[in-house]
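I am attaching a structure below and will ask some questions about it afterwards.
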Amino acid sequence: MSKFLFFIILLTAHAQSSTLFEVKDCHPKITSSCPLHSYAQNAGRIDRWKKNFVITFEGLKSYYQHTSNGLIFENPESYELLDSNHKPLENQLRKHLTFKVDYDKKVVTSLNNLSPESAEKLFRFNSSLFNDLMGEDHFIRSKAKYYNETRFNRFLLRFERDILLLNDWTSLIHPPIFKLEEIEKAAENNPSPFRTKDYHVEMDALTQTELTTGNELKLFVNNASYSEKIRLIKNANKFVFLAVMSFAPTRDSDRIIEALIEKAQAGLDVRVIMEKVWTLLAFKKTVAKLKAGGVKVILSDDMVRFGRNQSLFHSKYIVVDGVVGVVGGQNLVDRSHKASGYNHFNKDTDVRVAGPVVVDLMEDYIKLWQRFSREDFPLIYKKFVLEKKASQREAKIRGSENYSQWLQSKTSQGLCRFISQGAHSDKYKISRAYKATFDKMQKQLYFTSQHISFKPKDISVWSSRIYSTLFEKAKSGIPVTLITNGIDGGFLKSEGTNPFAAFFTKRMNNITGYLSTAIRRNKLEYVSKIDNFEVWQHFQYIHSKVALVDSEVAAIGSYNFETYSAEHSYETAIFCQDQELVKTLANDLTLTMANSTPLVLDSNSHE
C-alpha cells in the first residue's frame, strides 16, 4: 500500500459506520424504493450530474420516515414561519416549502429564505427512542456513544453523515433541541468544601475581595441579556457606568446607544469604557455618537503601552444607580444582540446582580476610570462606596466575620464575590480564584470557553497551572467537561463601519476559519486524551465563559480559559453560591451539550 493511500485512509477512517439509520434504499445510490427517487429523476441533466435536486417538504418528511426509524419526525406543533429577516412568510403552509439537496455532501438547504429557527423547528427528534436504540438511559451518553461509532473525517473536520441533514443543523445528526428535561440537580445537602469558612478566607486573600450575601441573581443567555441591559438603562435614576470591549455602531446597537444618550441628556451621569485598539479599528462611530449625545467615553489604552502593563481590555459589565448590574461575556455587537442560541450567532451568558456585591462592581469601575482618564473620580461616588460597604458590614451581609454563620445553611443562597483582574489592580486574581476552586472540587466540573491554550510543561504560566489541576482531578476520577467551538458557528463578523475592518474579517473567515479549527482541535485532542476529561463542540459559536463546580459554585464572566486571559488582559468574573442560579446554569449547560458533538479520538490520536 502506498504512503499516500495510507494517509487518505487515516484521514477518513475513525470507526465503523453507524447503523442507526436505514439507508440502503437511498445511500450510496438512490433506488426506486427511496422517496428521493422521483425528485432526483426530475432534476435537469446538469443537476443530475452534480447530484443536486429540489425536494418538497412532503418529500423530505417521507425521506426521514423511510430512513430514520422514527427518530426524526415532523414537528406536530404549529408555529409561524419566518424569513431570514424574521418577518412572516407570505405562505405559512409547510407543504409549500422547497429545499435544495446536495446529495454528495448530504446537506439540505431551504429555498424559501427561512430563518434558522423556523427551519430547525420543522422536525423533532425522538430522544427516548434514540436512547433505546443506543442502549443508554441518558441523551448525552447516547450521543457520545453514537459519535464514537461514527467515522470522523479528519480532512473536513466533520463526522461522516449517514443521511441528508438540514444545513441549519450544522454538525448535529438531529434537529436542534429547544427544550430539555432538567437533568442536573442543584447542590445536594451534603458537606462541601465550598460551604466552609476556610475556602472563602483563602479566596479573600488570593483575590483581595470579600464575600457578600443577600444578592439576587438571574441568568440571561444570548439576546435576552441585551434586552435586559436596555431595560435597566431606561429605568436608571442617577447614573449608568458601562465597561465593554466591543461596542458596534450597528442599527441594533443604536437602541442601547440611544438609551444611554437619553439618560445623559436627562442629566444622569453616563460613562462608557471601551477597548482602544478595537474601537479605533472598527467602532469609532460609536464613540462619536455617544460623545455627541453627552455620554462620557474613555478608551483603555494599555494595549498600546509598551512594557509590563500592556493589556487588552476584555471586561464586560454595567452598573446602574449602584443597586443593580450585569456581569458576563457579552459584547455589544449584533452577534450577541441578535443571538437566539439557534441562528448561528454567539452563544453567550451574563448574570444580573442586585444586592451588596454591586458596590464592588462600582468600586472597580472607579479604579478603571481613574487609570484610563488619568483624572480623579468625583468624590461623591467614592463616598457612596465607603458608606455602602460600612452599612453592609453593620447589617452583616458583608465580611469574613459573618462567613461561618452564612455557611451553616444546607443550601446556598445569594452568596457572591466579584473579582476583577488587570493592570489597575492585580493581573492574576481570577486565575488564582479558579485554581483554588478547582483544587477543592470533589464531584464534577462543567465549563465553557471560546478557545483554550496552555503550555503543558511551563507551570509558571497561570493557564498551565489551571489545566494541570484539571488534568490531575480528571485522572483521580472527577469528571471534567469542556464545551467549546468546533467548525460550526462562524469565527468573525465585521460589525464596524471601517471598510478595512469589513474586508479583513471577510478574508479571515474565508482563509483562516478552517485553519483555526484545525489548530484548536490539536489542543482539544491533547486534553481529550486525559481520562475523564470530555470535550464537546457546540453547533453555534461559543462565546460564553462560565464554570459550574460540584453543582455548588457558579462562575460567570469575561475570562476565557486560555493564556491571554490568564496572563495579559483585563477580565471580570462573579463567583456565586446560589441554589437557583446553579440550577438555571446547569440546565442551560445541559441544553448546550445536547446541541453539541463530542470530540472523539481515533486510534491514531493516542500517544
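The values are calculated or read from the model by the stated rules, or taken from the named source; none is laboratory data. No experiment lies behind these values; they were computed from the predicted model shown. FYI the Cβ positions are ideal-geometry reconstructions off the backbone, even for glycines, and counts take in every protein chain you see.
Assess whether residue 417 counts as being assigned to a strand (DSSP E or B), out of contact with any Gly (no Cβ under 9 Å at 6 or more places or on another chain) and surrounded by fewer than 24 Cβ atoms within 10 Å (Cβ to Cβ).
yes
Here's another thing I want to ask about it. Is it true that residue 238 is closer than 27 Å to residue 331 by Cα, in contact with a strand residue (DSSP E or B) (Cβ under 9 Å, 6 or more places away or on another chain) and of a type in the set (D, E, K, R)?
yes
Which residues, taken from the stretch 114-153, are acidic (Asp, Glu) and out of contact with any helix residue (DSSP H, G or I) (no Cβ under 8 Å at 6 or more places or on another chain)?
117, 132, 149
Taking the stretch 386-396 as the region of interest, how many residues are surrounded by fewer than 18 Cβ atoms within 10 Å (Cβ to Cβ) and either within 34 Å of the chain's Cα centre (by Cα) or in a helix (DSSP H, G or I) (or both)?
Within the stretch 386-396, residues that are surrounded by fewer than 18 Cβ atoms within 10 Å (Cβ to Cβ) and either within 34 Å of the chain's Cα centre (by Cα) or in a helix (DSSP H, G or I) (or both) number 6.
Would you confirm, using the coordinates I've provided, whether residue 464 is in a helix (DSSP H, G or I), in the same structural domain as residue 566 (by TED's automatic domain parsing) and among the polar types (S, T, N, Q)?
yes
Conditions (1) aliphatic (A, V, I, L, M); (2) farther than 24 Å from residue 296 by Cα; (3) under 24 Å from the mean Cα position of the chain (by Cα); (4) modelled with pLDDT under 95, marked per residue:
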position: 360; (1), (2), (3), (4): no, no, no, no
position: 373; (1), (2), (3), (4): no, no, no, yes
position: 398; (1), (2), (3), (4): no, yes, no, no
position: 424; (1), (2), (3), (4): no, no, no, yes
position: 428; (1), (2), (3), (4): no, yes, yes, yes
position: 436; (1), (2), (3), (4): yes, yes, yes, no
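I'm trying to understand the selection: among the residues of the stretch 43-77, which are among the hydrophobic types (A, V, I, L, M, F, W, C) and in contact (Cβ under 8 Å) with a residue 24 or more places away in the chain?
53, 54, 55, 57, 60, 71, 72, 73
Would you call residue 318 in contact with a strand residue (DSSP E or B) (Cβ under 9 Å, 6 or more places away or on another chain), within 20 Å of residue 543 (Cβ to Cβ) and either part of a strand (DSSP E or B) or not assigned by TED's automatic domain parsing to the domain that holds residue 223 (or both)?
Taking the combined requirement at face value, the residue satisfies it.
Go through the stretch 128-144 and count every residue that is charged (D, E, K, R) and buried (at least 19 other Cβ atoms within 10 Å of the Cβ).
Number of matching residues: 1.
Scan the stretch 105-122 for residues that are surrounded by fewer than 21 Cβ atoms within 10 Å (Cβ to Cβ), in a loop (DSSP other than H, G, I, E, B) and of a type in the set (S, T, N, Q) and report the count.
Of the residues in the stretch 105-122, 2 are surrounded by fewer than 21 Cβ atoms within 10 Å (Cβ to Cβ), in a loop (DSSP other than H, G, I, E, B) and of a type in the set (S, T, N, Q).
Moving on. Can you name the number of the only condition in (1) surrounded by fewer than 24 Cβ atoms within 10 Å (Cβ to Cβ); (2) in a helix (DSSP H, G or I) that residue 286 fails?
Status for residue 286: all satisfied but (1).
On the given criteria, is residue 571 modelled with pLDDT under 95 and within 19 Å of residue 451 (Cα to Cα)?
no
Suppose we filter 430, 459 for residues that are touching a residue at least 24 places away in the same chain (Cβ under 8 Å) and either over 18 Å from residue 581 (Cα atoms) or not β-branched (Val, Ile, Thr) (or both); which single one remains?
Unique residue meeting the criteria: 430.
Right, next: Within the stretch 386-408, work out how many residues are in contact (Cβ under 8 Å) with a residue 60 or more places away in the chain and out of contact with any Ser or Thr (no Cβ under 6 Å at 6 or more places or on another chain).
8
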